[in-house]
Amino acid sequence: MVKPKTEEEIELLRENAIIVSKTLAEVGKWVAPGVTTAKLNEVAETFIRDHGAIPSFLGFEGFPAATCMSVNDVVVHGFPSDYVLKEGDIVSADIGTLYKGYNGDSAYTFPVGEVDAATRKLLDVTKASLYKGIEAAVAGARTGDIGYAVQSYAESFGFSVVRELEGHGLGKEMHEAPGVPNFGRRGHGARLVEGLVICIEPMINSGGRGVYVARNGWAVHTSDHRKSAHYELTVVVRRGKAEQLSTFDYIESTGK
Ligand code: MG
Ligand code: MG
């Protein structure tokens, strides 16, 4: 059931989105060679709780940590660990909050120190593909229009789109209808209605699109072990142009 939100609900989702956006920026300040992903998780969890919110991923379907920290060939759902980040790595931080009964959910892939040109390109194209998806998320369009926009852009650079995971509606539940795939056909899929709040989250691989789930049942890896990037923002579907609730402005003002 695809259900738009009231303006009151949208304001609560906006409060969550701002906490998540600021948490990502806080994590970004710590990303550097020599830092563990467990430390990044601790920074995020502390920041979320200090703002009166709950890290919604902790315990979600049994997930063991407050955040997902996915390094290099891990697409999403990586466990924070004692892995020490090194120069040239990339780490995707996916952060969720529960605050005043509503959810926040956004993600950003950070370069660790200097990354090679091919990796920089993967990050730039994945982030840009997210904005292409947001441009397509207007009232009257369909989820397939978003997927088409993301896919056609990412593939034009020779990258590939993970098909097994997708964006989603957001509200009192972290994952609500509709599913928002990062591939698709224009004019197909669920209708986007004004006031619908969705997370768009392209997962783009530098190599092939194949993925597998690790034995821990969570971490999704690329089959060819090449790098994968993931960016996620929350938007409200509006007439003419979607309204962004979460933002990377707090991160990018620090130069990451
Ligand atoms: Mg997320
Ligand atoms: Mg999400």
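Every number in this text was worked out from the coordinates using simple rules, so none of it is lab data. Just so it is clear, the model here is predicted, and its values are computed rather than measured. Quick reminder, even Gly has a Cβ in these numbers, built from the backbone with ideal geometry, and neighbours come from all protein chains shown.
Taking each residue of the stretch 209-221 that is assigned to a loop (DSSP other than H, G, I, E, B) and looking for partners that are surrounded by fewer than 19 Cβ atoms within 10 Å (Cβ to Cβ) and of a type in the set (S, T, N, Q) with beta-carbon atoms closer than 8 Å, six or more apart or interchain, yields Gly210/Ser223.
Annotation for the stretch 41-49: no member residue is surrounded by fewer than 20 Cβ atoms within 10 Å (Cβ to Cβ) and not in a helix (DSSP H, G or I).
Just one of the numbered conditions (1) touching a helix residue (DSSP H, G or I) at 6+ places or on another chain (Cβ under 9 Å); (2) at positive phi is not true of Leu85: (2). Looking only at residues in the stretch 16-40 that are within 12 Å of Ala53 (Cα to Cα) and touching a strand residue (DSSP E or B) at 6+ places or on another chain (Cβ under 6 Å), the one that is surrounded by the fewest Cβ atoms within 10 Å (Cβ to Cβ) is Ile19. Of the residues making up the stretch 165-200, those that are over 16 Å from Ile134 (Cβ atoms) and within 15 Å of ligand 1 (Cβ to nearest atom) are Leu165, Gly171, Glu173, Met174, His175, Glu176, Gly179.
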